[in-house]
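First the structure, in the form of structure tokens, and then the observations on it.
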Amino acid sequence: MSTSIIWWEARCPFCGKRNKLAISAKGYKAWTSGAMVQDAFPELGANEREFLITGMCAKCQDDVFGDNDDKEYSFEVTDNEIALLEYLDQY
């Protein structure tokens, strides 16, 4: 039995690069019906799920959010974080 695939394409709101990601049609249907992205696509990593939600490419995610394994937290807001908040505020 084969799994139906959908190609998700988006332009990164920070760098403008177009990116594509193959996702399952079953996961897409669940997500667009209200499932949380991590429940709809358990096979995807955090960067891939963030790409689905915001369109941000992996490089820009690293630039904005830093390394996910970093245990130190900074409470200073960067220019990239401000740009992300302004972008998300539109929706």
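The values are calculated or read from the model by the stated rules, or taken from the named source; none is laboratory data. Small disclaimer: the values here were computed from a predicted structure and weren't measured. Cβ atoms come from the backbone with ideal geometry, glycine included; neighbour counts cover every protein chain shown.
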**Study point:** Out of Thr54, Thr3, sole residue that is of a type outside the set (Gly, Ala, Ser) and surrounded by fewer than 14 Cβ atoms within 10 Å (Cβ to Cβ)
**Key:** Thr3
Revision key, fill the gap. Picked from the range 39-91 (must be of a type in the set (Val, Ile, Thr) and not in a helix (DSSP H, G or I)), the residue modelled with the highest pLDDT is Thr78
Practice item. Name the single residue, out of those in the range 20-40 being of a type in the set (A, V, I, L, M, F, W, C) and under 17 Å from Met56 (Cα atoms), that is surrounded by the fewest Cβ atoms within 10 Å (Cβ to Cβ). Key: Ala22
